[in-house]
Amino acid sequence: MSQRKPLIAANWKMYKTPAEATAFVQAFAPLVKGHTRDEIVLCPSFLSVANVVAAVQGTNLHVGGQNMLWQEEGAFTGETSAAMLHAAGCTHVILGHSERRQFFGETDETVNQKLHTALKHKLVPIVCVGELLAEREGGKTEEVLLRQTVKALANLTPEVSRAIVIAYEPVWAIGTGKTATAEMAAEAHLIIRSQVARSLGHEVANAMRILYGGSVKPDNASSLLNQPEIDGALVGGASLDPQSFAKIVNYTQS
Ligand code: PGA
């Protein structure tokens, strides 16, 4: 057993009104009451953060943002800062999700800037990396994962980097019902972890949690999460329903 505490995060994307987010927590919290094996994080839209933070008081649930800007504050219409997330009660933040890279121009460089700012504000960053289908089919998976990992971790010291979590999310597996096989995921995680070791040293690399994301569902959670290299999951679609997400969190350990 690795010493790394698994982290299972719900990425609600652009779903749920504030009232729906509150209702989710009310239904979900009792289903995972007393669960300490895994760290559980809910990432609602910014508009629902306050409701979810209020609803998780006194539970074992944490709240994260889905994105943030790297600037401290300023004239950046439509953006949210790390300080705002922290002040609102978020402890985690997803950075560099492939949907942000694909639709909102996020680059390896902006992911790196955001990572620096998130760490400065004591948020646990969940940094997403992963290859496109064409990249996998073109034999470029390793090259892409190495590039994204190197660039995300640029100019960080081992001391500040301990909180970082990486999520391996093959883009072709997100929302498609296709998952990487447990072996594919484990192989990608090893590539990422070996690069973390080169960037930040073995100690940080061994302690760093690397999650899998991409069509994690109640019926495949156990086979994925029992891989020694997989330290948790970032879950989209299957995290929207309290029963379904609770089944994933309560996966059977083998
Ligand atoms: P999915 O999304 O579980 O719906 O595939 C995962 C993600 O985008 O983080």
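Would you kindly state how much longer the chain becomes between residue 79 and residue 20 on full extension, computed as 0.36 nm times their sequence separation minus their alpha carbon distance, in nm to one decimal?
Values: separation 59, 0.36 × 59 = 21.24 nm, distance 2.31 nm.
Roughly 18.9 nm would be gained on extension.
Suppose R0 equals 30 Å; then what is the FRET efficiency for residue 50 and residue 217 from their Cβ-Cβ distance, rounded to the nearest 0.05?
0.50
For the peptides 168-177, 154-163, 21-30, what is the packing order when you average, over each peptide's residues, the other Cβ atoms within 10 Å and list the highest mean first? Could you put the intermediate results ahead of the total?
Numbers: 168-177: 20.6, 154-163: 13.3, 21-30: 18.5.
Highest-to-lowest ranking by the protection proxy: 168-177, 21-30, 154-163.
Simple spin-label model, 7 Å along Cα-to-Cβ: residue 183 to residue 120 in nm?
Distance between label points: 4.6 nm.
Just to confirm a number: summing +1 for Lys and Arg and -1 for Asp and Glu over residues other than residue 206 whose beta-carbon lies under 14 angstrom from that of residue 206, what do you get? If you can, show how the numbers build up before the last one.
Details: positive: 4, 5, 162, 193, 198, 209; negative: 203, 229, 231.
Local net charge: +3.
Using a 1.4 Å probe over the heavy atoms of the protein chains, calculate the carbon and sulfur portion of the accessible area of the stretch 157-254 as a whole percent.
The computed percentage sits at 54.
Taking the Cβ of residue 73 as the center, what net charge do the other residues with Cβ under 14 Å away carry, scoring Lys and Arg +1 and Asp and Glu -1?
Within the 14 Å Cβ shell, the charges total -1.
Using only helices, what value at 222 nm comes out for the chain when you add -39,500 (n - 2.57) per DSSP H run of length 4 or more and divide by the total residues, to the nearest 500 deg cm²/dmol?
Values: 12 runs with 109 residues, N = 254.
So the helix-based figure for the chain works out to -12000 deg cm²/dmol.
Would you work out which of 81, 31, 96 lies farthest towards the positive end of the dipole of the stretch 10-249? Charges go on Cβ: Lys and Arg +1, Asp and Glu -1.
31
Once a ≥ b ≥ c are taken as the square roots of the eigenvalues of the Cα gyration tensor of the chain, is the result rounded (a/c under 1.5), prolate (a/b larger than b/c) or oblate (a/b not larger than b/c)?
Because its axes are fairly even, with a/c under 1.5, the chain counts as rounded.
Give the carbon-plus-sulfur fraction of the accessible surface of the stretch 1-79 in %, rounded to a whole number; probe 1.4 Å, heavy atoms of protein chains only.
Heavy-atom surface of the stretch 1-79 belonging to carbon and sulfur, 1.4 Å probe: 57 percent.
Nearest 0.05, what FRET efficiency do residue 150 and residue 71 give at R0 = 25 Å with Cβ-Cβ as r?
Working: r = 24 Å, r/R0 = 0.94.
Once rounded, the FRET efficiency stands at 0.60.
Determine the per residue accessible area of the chain with all protein chains present and a 1.4 angstrom probe, expressed in square angstrom.
Value returned for the chain: 45 Å² of accessible area per residue.
Of the lysine pairs in the chain, how many meet both conditions: Cα atoms under 23 Å apart, and a spacing of 8 or more in sequence or different chains?
Qualifying lysine pairs in the chain: 24.
On full extension of the chain, what length is gained from residue 31 through residue 57, given 0.36 nm per residue of separation minus the C-alpha to C-alpha distance?
Working: separation 26, 0.36 × 26 = 9.36 nm, distance 1.55 nm.
Full extension of this stretch gives 7.8 nm more.
The values are calculated or read from the model by the stated rules, or taken from the named source; none is laboratory data. Quick caveat, the model's predicted, so the values are computed rather than measured. A quick note on method: Cβ atoms are made from the backbone with ideal geometry, for glycine too, and the neighbour counts reach across all protein chains shown. Protein only, heavy atoms only, side chains kept; ligands, DNA and RNA dropped before computing areas. Shrake-Rupley method; radii C 1.70, N 1.55, O 1.52, S 1.80 Å.
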